[in-house]
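**Q** Pasting a structure here, questions to come.
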Amino acid sequence: MSFEYIDKNLSEVRERIAEAERRAGREGSVMLLPAVKYAEPAEIEYLYRHAGIKQVGENRVQQMLEHMESIDCEGLEFHFIGTLQTNKVKKVVGKADIIQSVDSLHLLEAIQKEAEKQGIRQDILLEVNVGNEES
C-alpha cells in the first residue's frame, strides 16, 4: 500500500508550521498532532513508523479504543481531543495518554474519581475561561 499522499500532506503542513514559527520567532515551538478520526490502522502505523509522528489525536471514544487495540505501535501516544461525556469517562481514563477536552468542573471531577479508582494519574488539558463575565 502506498502512503505517498501522507508524506506529501505532512511535508506541506510541516513547511507551513516552520514558516509560521520563523515569522513568530519561535522555531521548534509547535507540536503537530494529527487527528486520525477517519484514518485506517495502516495509515496510523505508517505515521508512527515512517513519518516520525509519535502522538495522534482521536475525537471518538470507540474509534480510539479500536485503534489502540488494532495498532502495534509501542510508544505511540493517543490524545483524546473530542468532547468527552461523563458516561464515557471510564472508557477513556487510563487509556488516553492525555485528555485534551476537559471543559467543566463536573467532567474534571468525574475524571479524577475514575483515576483514583484505577490508582493512576490521568494527564489532561483543562479549558479555563478567563474572560470577563460581566461584559
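The values are calculated or read from the model by the stated rules, or taken from the named source; none is laboratory data. The shown structure was predicted, so the numbers you read here are calculated from the model rather than taken from an experiment. Note that each Cβ is placed from the backbone with ideal geometry, even for glycine, and that neighbours are counted across all protein chains shown. Protein only, heavy atoms only, side chains kept; ligands, DNA and RNA dropped before computing areas. Shrake-Rupley method; radii C 1.70, N 1.55, O 1.52, S 1.80 Å.
**Q** Quick one: 3J(HN,Hα) in Hz for segment 64-73, Karplus 6.51/-1.76/1.60 with θ = phi - 60°, rounded, Gly and Pro as x.
**A** With the stated coefficients, segment 64-73 comes to 4, 5, 5, 4, 4, 6, 8, 9, 9, 9 Hz.
**Q** How high is the relative contact order of the chain, in percent, with contacts defined as C-alpha pairs under 8 Å that are six or more residues apart?
**A** On the way: 151 pairs, mean separation 21.5, N = 135.
Normalised by residue count, the contact order of the chain is 16 percent.
**Q** Follow-up question, since we're still on this one. Once the piece of chain linking residue 20 and residue 123 is laid out straight, how much longer is it, given 0.36 nm per residue of separation minus the C-alpha distance between them?
**A** 34.3 nm
**Q** Which shape class, rounded, prolate or oblate, goes with segment 15-88 when its Cα gyration tensor gives a ≥ b ≥ c as root eigenvalues, a/c under 1.5 marks rounded, and past that a/b bigger than b/c marks prolate? Can you show the working numbers first?
**A** Values: a/c = 2.83, a/b = 1.57, b/c = 1.80.
Because a/c hits 1.5 or more and a/b fails to exceed b/c, segment 15-88 counts as oblate.
**Q** When the Cα atoms of the chain are enclosed in a convex hull and the volume is divided per residue, what value in Å³ results? Please list the in-between numbers first.
**A** Working: hull volume 20.3 nm³, N = 135.
In the chain, the Cα hull volume divided by residue count equals 150 Å³.
**Q** Here's a follow-up. Under a 1.4 Å probe, what is the accessible area of segment 1-52 per residue, stated in Å²?
**A** Numbers: 3750 Å² over 52 residues.
About 72 Å² of surface per residue is accessible.
**Q** Relative contact order, percent, of segment 35-88 when contacts are C-alpha pairs under 8 Å separated by at least 6 residues?
**A** Values: 57 pairs, mean separation 21.8, N = 54.
That works out to 40 percent.
**Q** Taking R0 as 41 Å, what FRET efficiency do you get between residue 113 and residue 27 from their Cβ-Cβ distance, rounded to the nearest 0.05?
**A** Working: r = 41 Å, r/R0 = 1.00.
Between residue 113 and residue 27 the formula returns 0.50.
**Q** Stretched out fully, how many nm does the piece from residue 35 to residue 62 gain, at 0.36 nm a residue minus the Cα gap?
**A** On the way: separation 27, 0.36 × 27 = 9.72 nm, distance 1.47 nm.
Separation in residues times 0.36 nm, less the Cα-Cα distance, equals 8.3 nm.
**Q** For the chain, what % of the accessible area comes from carbon and sulfur atoms, probe 1.4 Å?
**A** Numbers: 4300 of 9090 Å².
In the chain, the share of accessible area belonging to carbon and sulfur is 47 percent.
**Q** Output ³J(HN,Hα) for segment 93-104: one whole-Hz value per residue in order, computed from phi by the Karplus curve 6.51 cos²θ - 1.76 cosθ + 1.60 with θ = phi - 60°, and x for Gly and Pro.
**A** 4, x, 9, 6, 5, 9, 9, 9, 10, 8, 10, 8
**Q** Let me ask another. Taking the Cβ of residue 56 as the centre, find all other residues whose Cβ is under 11 Å away and add up their charges (Lys, Arg: +1; Asp, Glu: -1).
**A** On the way: positive: 37, 54; negative: 43, 45, 58, 77, 97.
Local net charge: -3.
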